[in-house]
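For reference, the structure is listed below as structure tokens.
Taken together, the values in this text are just the output of simple stated rules run on the coordinates, not laboratory data. Here the structure is a predicted model, which is why all the values come from computation and not from measurement. Neighbour counts run over all protein chains shown; Cβ positions are idealised from the backbone, glycine included.
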Amino acid sequence: MNRGIWLNSRGIQDIQTLLRNYLKDVIQPGDVAVDATAGRGRDTLFLAQCVGDQGKVYAFDIQEEALTSTRELIKNHDLEKRVEIIKASHSEIATHVPPGIKAIVFNLGYLPGSSSKLATRAETTVPAIAQALNLLRATGLMAITVYRAHDHALEESEALLAFLTSLDKKEFSVLQGIYLNQKKLSPYWVIIQKNRRKTNESSPAEKNS
Ligand SMILES: C[S@@+](CC[C@H](N)C(=O)[O-])C[C@H]1O[C@@H](n2cnc3c(N)ncnc32)[C@H](O)[C@@H]1O
């Protein structure tokens, strides 16, 4: 039984818990999902568990350390068959992933426990998100978490919000969540749903339903 987002054990205390509750309601076995910022692999693992044996997850990162962590985590859960790990910038997503993605996760910022110098940046984040929205299938979701602790985080956050507020409301629903009672630059999240079909793409799960 789906217990809904408000009844989850951590409720809205934790952004990742909250976003995963939205994502797991949308992702079906056999779907294709993307982790655009693999990092330590926790989102890749979550997505791999959601898509099942017939599904596929593409995981991107530019740092070898992140890819090694992700590979190990996926191997430890015996889910290698479901995951393709790609050493490339997410701004190249369209050259690696075909259209028809059901869910995409961007966890912006830097690799936990590593240098903040290799954090995500506006000049690659915004084009990556624009490309990824094109690849998303109708009813698919994109979940973005924005951490604002690194040097270029404010620039990235401003560019991202400028882009997201320009999206056509007929095509996308764009929802932002921010903690009002935390410090000014606390993390926030954005969830985007593609509202209507522009092409007749469909996922393996949809074709079989
Ligand atoms: C906040 S971490 C991701 C955390 C991750 N989701 C996890 O579960 O551990 C952000 C990651 O984005 C990666 N990154 C930075 N720029 C990138 C780019 N242009 N393309 C892909 N990944 C990038 C960093 O190397 C870092 O590992």
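Brief remarks on what is shown
- Counted by Cβ distance under 14 Å from residue 79, the other residues give a net charge of -1, where Lys and Arg count +1 and Asp and Glu count -1.
- The range 34-51 versus the range 82-150: alpha-carbon centroid distance in Å: 11
- Fraction of beta bridges assigned by DSSP in the chain that are antiparallel (%, nearest 5): 40
- Convex hull volume per residue in cubic angstrom - Cα atoms of the range 82-147: 103
- The order of 19, 135, going from fewest to most other C-beta atoms within 10 Å of their C-beta, is 135, 19.
- Max mean-square fluctuation residue, GNM over the chain, Cα-Cα springs under 10 Å, options 49, 28, 13: 13
- Span per principal axis, largest first, for the Cα atoms of the chain (Å): 46, 40, 38
- Within the chain, helix-based [θ] at 222 nm, where runs of 4 or more DSSP H residues each add -39,500 (n - 2.57), nearest 500: -10000 deg cm²/dmol
- Net charge contributed by nearby residues that have their C-beta within less than 14 Å of residue 16 (K/R +1, D/E -1): +2
- 139, 70 arranged by Cβ crowding within 10 Å, fewest neighbours leading: 139, 70
- The lysine pair tally for the range 22-134, using Cα distances under 24 Å and a gap of 8 or more places or different chains, is 13.
- Cβ-placed point charges (K, R +1; D, E -1), dipole of the chain about Cα centre in debye, nearest 20: 600
- For the chain, built as a Gaussian network whose Cα springs stay under 10 Å, the top-fluctuating residue of 187, 99, 112: 112
- Selected from 166, 157, 91 as most flexible by GNM, with the chain as the system and alpha-carbon contacts under 10 Å: 166
- Table column - 3J(HN,Hα) (Hz), the range 38-54, Karplus curve with 6.51, -1.76, 1.60, x for Gly and Pro: 4, x, 7, x, 5, 6, 4, 4, 4, 5, 4, 5, 6, 7, x, 5, 8
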